[in-house]
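The values are calculated or read from the model by the stated rules, or taken from the named source; none is laboratory data. These numbers come from a predicted model, not from an experiment. Glycine gets a Cβ as well: all are built from the backbone with ideal geometry, and neighbour counts include every protein chain shown. Only protein heavy atoms, including side chains, enter the accessible area calculation; ligands, DNA and RNA are left aside. Shrake-Rupley method; radii C 1.70, N 1.55, O 1.52, S 1.80 Å.
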Amino acid sequence: MEDVSKTMQQLMSQRHLNTNYRQLMEKVYSDAAVKQFVADHQAELAEDALERSAAKLYEFVTERDKVAQGGETFAAGYEPQLIVSNHLVDVAYVPTQATQDKQAQQQLRQRVKSIAMPKDIRDAQLDSFDHDEQRMEALMAAYDFIDTYEASPHRRHQALYLAGSFGVGKTYLLAAIANQLASDGFSSTLIHFPSLAVEMKNAIAQNGVGDKLDAIKRAPVLMIDDIGADAMSAWVRDDILGVILEYRMQEELPTFFSSNFSMEQLENEHLRISSRGDDEPLKAQRLMQRIRFLAREITMVGVNRRPQ
């Protein structure tokens, strides 16, 4: 294939070809992408590669044009690419840019698992977090955690316990941290704790508590949202929350919390009093030791930013 242009001209002018076929192949052989590919790979192609690969070259040009025009193609979401195979020209199909973008978004979603979390926080981003002076400490702590965790994910990293009144952005900030970690290739799990407690109670009949609990407690990064929002039974406190916290403390796994209670209030006004009214300060103290080991408290203040 010493003279690519000459070879192509010879193929296009062959008299034995019928008129329609010759017209189709003239378009193919004169295509800029085809000519460039053949020129770039002529050392790898057989002498008669153009003639023997005519069908593949035609497939490439027609399918590529369909993709460009948004028409129905041989492989939806994929576009043709010329390759050399056994010294002939062949066609491979690769994801279009739109397909690659969609796949990338799906991978991000898969890295952030959530249980009973609101849909409107799926796209939460740190750069969209309203960082007024009252909430700057929480935002800076979030960035610090991400930097240190991503630099050394297998070391112990103390996470954050975000305390503050309703609607100040605690849940949004947790989701934004999770989404940033996902963008950087790290997985996390967000759970709305009151909803999780209900799910666990319902799972008892199907013997599914163990599997659910195991998946949550082993999450690389866990975010427990709204802890303390509802009255907690002794079973949920000891056999669900207690098991999660014990495992994560032993394994030194990053664990975030958000709550309307401060740590002190959570211990004395929530964890020590069961839903049956039993006062159990030692159990509450034991749980809080684990929470304080896993996370440091940051208070968020401000106006309620949720729609009224």
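Against the test of being open to solvent by 80 Å² or more (accessible area, probe 1.4 Å) and closer than 27 Å to Ile121 by Cα, the options Asp226, Asp279, Asp230 yield a single qualifying residue, Asp230. Quick check: is even one residue across the stretch 202-217 outside any helix (DSSP H, G or I) and under 24 Å from the mean Cα position of the chain (by Cα)? The answer is no, given that none of the residues of the stretch 202-217 is outside any helix (DSSP H, G or I) and under 24 Å from the mean Cα position of the chain (by Cα).
Candidates in the stretch 63-102 are the residues that are open to solvent by 40 Å² or more (accessible area, probe 1.4 Å) and polar (S, T, N, Q); of these, the one that is farthest from Val34 (Cα to Cα) is Gln100.
Here's the yes/no breakdown for (1) among the hydrophobic types (A, V, I, L, M, F, W, C); (2) surrounded by fewer than 18 Cβ atoms within 10 Å (Cβ to Cβ); (3) modelled with pLDDT of 85 or more:
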residue: His16; (1), (2), (3): no, yes, no
residue: Val28; (1), (2), (3): yes, no, yes
residue: Ala33; (1), (2), (3): yes, yes, yes
residue: Phe37; (1), (2), (3): yes, no, yes
residue: Ser53; (1), (2), (3): no, no, yes
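Contact map, the stretch 115-144: residues that are under 14 Å from Thr171 (Cβ atoms) and open to solvent by 70 Å² or more (accessible area, probe 1.4 Å) paired with residues that are small (Gly, Ala, Ser) and outside any helix (DSSP H, G or I), Cβ distance under 7 Å, separation 6+ or inter-chain. Pairs shown: Asp130/Gly169. Filtered by the rule that a residue be in contact with a Lys or Arg (Cβ under 6 Å, 6 or more places away or on another chain) and buried (at least 18 other Cβ atoms within 10 Å of the Cβ), the stretch 145-168 gives Leu162, Gly164.
As a summary of the residue check, Leu45 satisfies the conditions (1) part of a loop (DSSP other than H, G, I, E, B); (2) at pLDDT below 85 except for the one numbered (2).
Here Asp239 fulfils each of the conditions (1) of a type outside the set (Ser, Thr, Tyr); (2) farther than 25 Å from Gln180 by Cβ; (3) surrounded by 15 or more Cβ atoms within 10 Å (Cβ to Cβ) apart from (3). For the stretch 201-222, the count of residues that are of a type outside the set (Phe, Trp, Tyr), within 12 Å of Ser258 (Cα to Cα) and modelled with pLDDT of 85 or more is at least one. Summed over the stretch 142-186, the residues that are in a helix (DSSP H, G or I) and either within 17 Å of Ile291 (Cα to Cα) or touching a Gly at 6+ places or on another chain (Cβ under 7 Å) (or both) give a count of 3.
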